[in-house]
1. Six or more apart or on different chains, Cβ atoms under 8 Å: show the pairs whose first residue is in segment 111-130 and in contact (Cβ under 8 Å) with a residue 60 or more places away in the chain and assigned to a helix (DSSP H, G or I) and whose second is surrounded by fewer than 23 Cβ atoms within 10 Å (Cβ to Cβ) and hydroxyl-bearing (Ser, Thr, Tyr).
2. For Arg45, indicate whether it is in contact (Cβ under 8 Å) with a residue 12 or more places away in the chain, surrounded by fewer than 18 Cβ atoms within 10 Å (Cβ to Cβ) and more than 22 Å from Met93 (Cα to Cα).
3. Starting from segment 24-37, take each residue that is closer than 23 Å to Gln49 by Cβ and list its partners that are of a type in the set (Ser, Thr, Tyr) and in a strand (DSSP E or B), counting only C-beta distances under 7 angstrom and pairs at least six apart or across chains.
4. Can you name the strands (runs of 3 or more DSSP E) wholly within segment 3-62 that have at least 2 residues being on the phi > 0 side of the Ramachandran plot?
5. Within segment 65-84, does at least one residue satisfy the condition of being at pLDDT 95 or above, in contact with a Ser or Thr (Cβ under 8 Å, 6 or more places away or on another chain), surrounded by fewer than 21 Cβ atoms within 10 Å (Cβ to Cβ) and of a type in the set (Val, Ile, Thr)?
6. What is the one condition in (1) more than 22 Å from Gln135 (Cα to Cα); (2) without any contact (Cβ under 8 Å) to a residue 24 or more places away in the chain; (3) among the acidic types (Asp, Glu) that Asp106 does not satisfy?
7. Please state which of the following conditions His111 fails to meet, knowing it meets all the rest: (1) in contact with a Pro (Cβ under 7 Å, 6 or more places away or on another chain); (2) modelled with pLDDT of 95 or more.
Amino acid sequence: MFADLYQAIILEHYRNPSNVGLVEDGLQARNSHPSCGDKVLLSLRLDGQRISEAKFLGEGCSISQASLSMMTEAVTGQTVDEVKAVYQAFRRMLYGEEPNEELLGDMVALHGVSKFPARVPCATLGWETLALLLQLDDGSVGDDPSDQPCG
């Protein structure tokens, strides 16, 4: 039953993604996984240390696009420190730890990706891009998924 719900959440975000577009005059970063073709252009606006708007343009599989949609929803309105905590919880979940449902919300639907290591880069593409943009990654959480081929 829960697997069906999670699959439905992923498909809904893939078919009807949130926050598609560009933030005018916002910070921008591009990222891709050439081995599978997933691509993203992430843009956001910071008001001080708070993300007031986050949008993306992307191409790729349902996992990468749904993850981007959920990520932009989750980070909008959050401070950089709050986003870092969510980023770390998301990465830990994808490397096999039990998900922190309070921090991750709908992104818990992507927990099943942890069983398919080749798909982890698909799910983390947006987060890697955000981490580059905000310099969130201090190297303390898991391996670098960009070193792995996509599935």
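1. Here the result reads His111/Tyr6; Gly112/Tyr6; Pro121/Ser146; Leu125/Ser32; Glu128/Ser146, each pair linking segment 111-130 to a residue that is surrounded by fewer than 23 Cβ atoms within 10 Å (Cβ to Cβ) and hydroxyl-bearing (Ser, Thr, Tyr).
2. yes
3. Note: pairs meeting the criteria are Gly26/Ser43; Leu27/Ser43; Gln28/Ser43.
4. none
5. Checked segment 65-84: at least one residue is at pLDDT 95 or above, in contact with a Ser or Thr (Cβ under 8 Å, 6 or more places away or on another chain), surrounded by fewer than 21 Cβ atoms within 10 Å (Cβ to Cβ) and of a type in the set (Val, Ile, Thr).
6. The one condition Asp106 does not meet is (2).
7. Checking His111 against (1) in contact with a Pro (Cβ under 7 Å, 6 or more places away or on another chain); (2) modelled with pLDDT of 95 or more, the one that fails is (2).
The values are calculated or read from the model by the stated rules, or taken from the named source; none is laboratory data. Only a predicted model underlies this, so the values are computations on that prediction, with no experimental measurement involved. So basically every Cβ, Gly included, is an ideal-geometry build from the backbone, and we count neighbours across all protein chains shown.
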